[in-house]
Structure formats: structure tokens, C-alpha cells
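Structure record follows, encoded as C-alpha cells.
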Amino acid sequence: TGMDSKLRYDIIEILAQDARRSAASIASMLGNTEEEVRREIGQMEAENIILKYSAVINEERVEDERSVHALIEVHVVPQARHGYEAIAKNICMYEEVRSCYLMSGTYDYMVLVDGRSVRDVAQFVAERLSVIEGVTGTATHFVLRKYKDNHVVIHVKNDDKRQVVTP
């Protein structure tokens, strides 16, 4: 019904902002019963609408500095009868791949990869990603600092003490 889809949309919006929010709190915010919200969340989980709950981490505040993130542009020639799906399936099977998107524009996929070091990411690209059938080229961009991630501002600090010079 129309009400159910509105309730779903509202619940999704709230959980996207704070995945730890309780069903009771969501119900209070939306004017529904806790049972209605629990049932709707359970149904969305069963239908694979809600796939996972996660946290946004400020990695600069975590002691382990061995985590490296890269955005990799991937150029491909789609395989006959399989199109882009078979290549995407092959890319996604690797644990290092955080996200994989089919893109419009100058490259075909954007692949976000996590590794323990620059060397690990480079090795992944050379030994696993580049050799997938249909992959014709890659360009790797390493993340140097995150300023905003998943709608959360992480690091915007103005430590510049220089005097502003204006014409």
C-alpha cells in the first residue's frame, strides 16, 4: 500500500543517518507503533532491501595506520552474451573490493579497494584485477585523506595560520 511504501522510505532515511536507532525511537519519530516499525524493518531485511548495518569510522583516530584505500578506474571490453555482469561478478568476488560500480563516462567500472599497504593494493591490481578476462586497463588512485564519508564530515580543520592576502 501507499502507506507501507512511505513508512519504508521514512525508516530507510532514518537508518541511513543512524543505523543504531531503535525501532521504538523510529516509531516515536514517525508516529507508528514499535511493532509496525519492527515488522517493516524485518520485511525489508528479508527482501534484501536492507543488506547491512555499518558505522562510519574516522580512521585518522584509529591507531592502526595500515589500512590503505584506493579508487580504481577499470576499462573493459564486455564479453559476448554476458555483457558487463560477468566481469563485475569476477571483480566482486575478491575480499579487497569494498564497492564496484558500473559507470558512464571515460571508464567502465569504479572499484573501491581496501588493502593493508600501497604494495598490497598494487599487487591486487597487477595479479588479480588486471588479469580478469575482459579487463583492458586500470588506473589506480590512492585515498590520501577522507574529508567526508557516507554523508559524515570527518576532517575539516583549518590549521593554516598564514595571513590572508587580498588584492
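Distance distribution P(r), segment 1-61, all Cα-Cα pairs, bin width 5 angstrom from 0: 4, 18, 29, 25, 12, 5, 4, 3, 0, 0 percent. For the chain, lysine pairs with C-alpha atoms less than 27 angstrom apart, excluding pairs fewer than eight positions apart on the same chain, total 8. Assuming charge only on the beta carbon of Lys and Arg (+1) and of Asp and Glu (-1), the dipole of segment 93-132 about its Cα centre is about 60 debye to the nearest 20.
Projected onto planes of every orientation and averaged, the convex hull of the alpha-carbon atoms in the chain covers 16.5 nm². Entry comment: accessible area of the chain is 73 Å² per residue, from protein heavy atoms only and a probe of 1.4 Å. Applying both filters, DSSP loop and at most 15 other Cβ atoms within 10 Å, to the GluC sites (Glu not before Pro) of segment 68-138 gives 95, 133.
Loop-located trypsin sites (Lys or Arg not before Pro) in segment 30-109 (DSSP state other than H, G, I, E, B) with a sparse environment of at most 16 neighbouring Cβ atoms within 10 Å: 52, 66, 81.
The value obtained for segment 69-159, namely the Cα convex hull volume divided by the number of residues, is 118 Å³ per residue.
Across segment 16-101 the C-alpha pair distances fall into 5 Å bins from zero in the proportions 2, 10, 13, 14, 13, 12, 13, 13, 7, 3, 0 percent. Look at where the Cα atoms of segment 110-148 and of segment 1-39 average out, and the two centres are 37 Å apart. Between residue 15 and residue 147, the FRET efficiency estimated from the beta carbon spacing at R0 = 22 angstrom works out to 0.40.
The values are calculated or read from the model by the stated rules, or taken from the named source; none is laboratory data. These numbers come from a predicted model, not from an experiment. Note that each Cβ is placed from the backbone with ideal geometry, even for glycine, and that neighbours are counted across all protein chains shown. Ligands, DNA and RNA are excluded from the accessible area calculation, which covers all protein heavy atoms including side chains. Shrake-Rupley method; radii C 1.70, N 1.55, O 1.52, S 1.80 Å.
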